[in-house]
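Have a look at the structure below before the remarks.
Nothing in this text is a laboratory measurement; each read-out follows from the coordinates by a stated rule. Please read all numbers here as calculations on a predicted model, not as lab measurements. Cβ sites come from the backbone with ideal geometry, for glycine too, and all protein chains shown count toward neighbours.
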Amino acid sequence: MNKEEKQRIYDAMLIKAWRKDITCDRLRYWLRPYNICITDPELIRTPKWLPIRVAVFVGAELKPLSDKLFDGDPADDIKILNWLGKSGLKCQKTNRNMHKDLLNNAYQIKRERNENAYRKETYFKTKLAKPEETKIRGIGVFRR
């Protein structure tokens, strides 16, 4: 199965799922017999989060498709599917790897801040715990 066939089957199931008002997780099970996964990087209109409802995802990320589905009857779904294939409509937030990188970077920054705060705190605790050292200079010549 090539990329275009996968995308067409996915789009058809997306329209069907929108009509049935199911979650993206359930859509994943509908695509299983076709050996298509929602997280496949070849698909261009995929949700970022799976527990979201398909209607919410389409309404938020694919507004033109949502408008066509609201205006059209279920009998017009083939026309909408053909339009969707030619439209080149994409989601802005499909790239999961970029999202993972952003989360990983935020985690690293938070961890470094916590480590720096801990170091600062322990430094001041040890500084306060030590008695002040006094230096006594004797009379004489200092050599280096």
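Observations on the model:
- Were the residues from D67 through R19 laid out at 0.36 nm apart, the gain over their Cα-Cα distance would be 16.0 nm.
- Candidate lysines - alpha carbon under 23 Å from K16, same-chain residues fewer than 8 apart omitted: K3, K6, K48, K63, K68, K79, K86, K90, K93
- Loop chymotrypsin sites (Phe, Trp or Tyr not before Pro), region 1-93, which have at most 14 other Cβ atoms in a 10 Å radius of their Cβ (DSSP): W49
- Pairwise label distance in nanometres, F124 with I52, each label 7 Å out on the Cα-Cβ vector: 4.3
- Difference of contour (0.36 nm per residue) and Cα-Cα distance, A75 to R113: 8.0 nm
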